[in-house]
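Structure record follows, encoded as structure tokens.
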Amino acid sequence: MGSSPAPFSDIGKRAKDLLTKDYNFDQKFSLSVIGSSGLGLTATGLKRDQIFIGDLNTLYKSGNTTVDVKIDTYSNVITKVTVSDVLPNTKTAISFKIPDNKSGKLDVHYLHPHAAIDSSIGLNPNPLLEVSAAIGSKELSLGGEVGFDTASASFTKYNAGISLNKPDFTASVLLTDKGQALKASYIHYVNSTNGTTIAAELIHRFSCYQNNFTIGSSHAVDPFTVVKARFSDSGKAAMLCQHEWRPRSIITVSAEFDSKANNASPKLGLALALKP
């Protein structure tokens with residue numbers, strides 16, 4: 001399966017992750033404990049302005065089955081059960097949220113040497129259907145996705161994309177928003193020794209002939225510290241510093257400044273993830 005294409009959702013993901021992942025402008029704390037029996041427990045808290053929200057997540061793995069249960073601030077219980085290899089090269093997951101009796105969903109993922117197919121159907125009388133597929137190889141993949149709401153008999157989405165993956169760069173083009181926008185992204189691995197990487201994303205909207213872009217970079221100062229920066233045409237500039245101060249425990253400091261906002265203070269964020 002080493003030459004299999006990535007799922008459609010992975011097209012453009014590498015550049016997107018460099019430009020957005022780990023940027024956080026709130027105060028966030030998480031504590032994860034993983035036991036030898038396959039049971040893991042994660043507690044997360046987030047303070048945004050004057051509001052505090054949190055959740056408790058339990059993950060249990062046994063053989064080819066994974067059970068994920070999360071309880072959030074509003075007493076919702078979200079459960080997901082995933083079973084691998086029910087059929088060859090297939091992963092099946094069923095999820096639901098209590099007390100929402102219409103939240104049930106069935107996901108099926110199939111991986112072939114030259115194709116990756118994901119499907120989802122809501123477990124209710126008027127389900128939402130979603131299917132995505134990618135064909136090709138690990139280097140070149142072409143795919144699309146479609147969503148259909150049976151309640152309104154209308155399409156919720158239809159997108160397509162292509163991705164070229166090389167050892168030192170990845171280039172992707174996506175037709176999104178039901179064909180109303182074209183998104184191109186590129187990520188280049190400049191130096192594998194210090195992890196220096198640059199990425200750019202350009203979005204063109206056909207309806208209003210509007211272009212938006214974001215550029216960013218990532219650099220490893222040392223084996224335990226990474227700095228990232230990004231800038232967009234909206235005038236927003238952001239940077240973060242992430243440091244692994246002990247094995248698997250990471251602290252991240254982020255800041256963002258909007259040059260077009262009058263008298264606006266920079267946004268600051270702190271995230272602390274502990275894994276004893």
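The values are calculated or read from the model by the stated rules, or taken from the named source; none is laboratory data. Everything numeric in this text was worked out from a predicted model, so none of it was measured. Neighbour counts are summed over all protein chains in view; Cβ atoms, including those assigned to glycine, are modelled from backbone coordinates with ideal geometry. Just the protein is used for accessible areas: all its heavy atoms, side chains included, with ligands, DNA and RNA removed. Shrake-Rupley method; radii C 1.70, N 1.55, O 1.52, S 1.80 Å.
Within the group LYS275, LYS183, which residue is modelled with pLDDT of 95 or more, in contact with a strand residue (DSSP E or B) (Cβ under 8 Å, 6 or more places away or on another chain) and open to solvent by 40 Å² or more (accessible area, probe 1.4 Å)?
Among LYS275, LYS183, only LYS183 is modelled with pLDDT of 95 or more, in contact with a strand residue (DSSP E or B) (Cβ under 8 Å, 6 or more places away or on another chain) and open to solvent by 40 Å² or more (accessible area, probe 1.4 Å).
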- Query: What are the residues in the range 192-208 that are farther than 18 Å from LEU175 by Cβ and hydroxyl-bearing (Ser, Thr, Tyr), if any?
  - Reply: SER192, THR193, THR196, THR197
- Message: Suppose we keep only residues that are touching a Lys or Arg at 6+ places or on another chain (Cβ under 7 Å) and within 30 Å of VAL86 (Cα to Cα) within the range 10-55. Which one would you say is surrounded by the fewest Cβ atoms within 10 Å (Cβ to Cβ)?
- Response: GLY38
- In the range 138-167, which residues are of a type outside the set (D, E, K, R) and exposed (fewer than 14 other Cβ atoms within 10 Å of the Cβ)? LEU140, ALA151, SER152, ALA153, SER154, PHE155, THR156, PRO167
- Query: From the set of residues in the range 104-114 that are aliphatic (A, V, I, L, M) and modelled with pLDDT of 95 or more, which is surrounded by the most Cβ atoms within 10 Å (Cβ to Cβ)?
  - Reply: VAL108
- Query: Could you list, in sequence order, the residues of the range 113-140 that are touching a Leu at 6+ places or on another chain (Cβ under 9 Å) and part of a strand (DSSP E or B)?
  - Reply: ILE117, SER119, SER120, ILE121, GLY122, ALA134, ILE135, GLY136, LEU140
- Quick one: in the range 1-50, of everything that is in a loop (DSSP other than H, G, I, E, B), in contact (Cβ under 8 Å) with a residue 12 or more places away in the chain and under 13 Å from the mean Cα position of the chain (by Cα), which residue is farthest from ILE135 (Cα to Cα)? TYR23
- Note on the structure: Scanning the range 188-232 for residues that are among the acidic types (Asp, Glu) and at pLDDT below 95 gives ASP222
- Within the range 237-254, the count of residues that are surrounded by 15 or more Cβ atoms within 10 Å (Cβ to Cβ) and in contact (Cβ under 8 Å) with a residue 24 or more places away in the chain comes to 6
- Item | Output for the range 234-258, where each listed residue is among the charged types (D, E, K, R) and in a strand (DSSP E or B) | LYS236, GLU244, ARG246, GLU256, ASP258
- Query: Which of the residues belonging to the range 106-138 are more than 19 Å from ASP85 (Cα to Cα) and free of Cβ contacts under 8 Å to residues at least 40 places away in the same chain?
  - Reply: ILE121, GLY122, LEU123, ASN124, PRO125, ASN126, PRO127, LEU128, LEU129, GLU130, VAL131
- of a type in the set (Val, Ile, Thr) and open to solvent by less than 50 Å² (accessible area, probe 1.4 Å): does that describe THR170? yes
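Being modelled with pLDDT under 95, closer than 20 Å to ILE78 by Cα and in contact with a Ser or Thr (Cβ under 9 Å, 6 or more places away or on another chain) is the requirement here; does SER137 meet it?
Answer is no for this residue.
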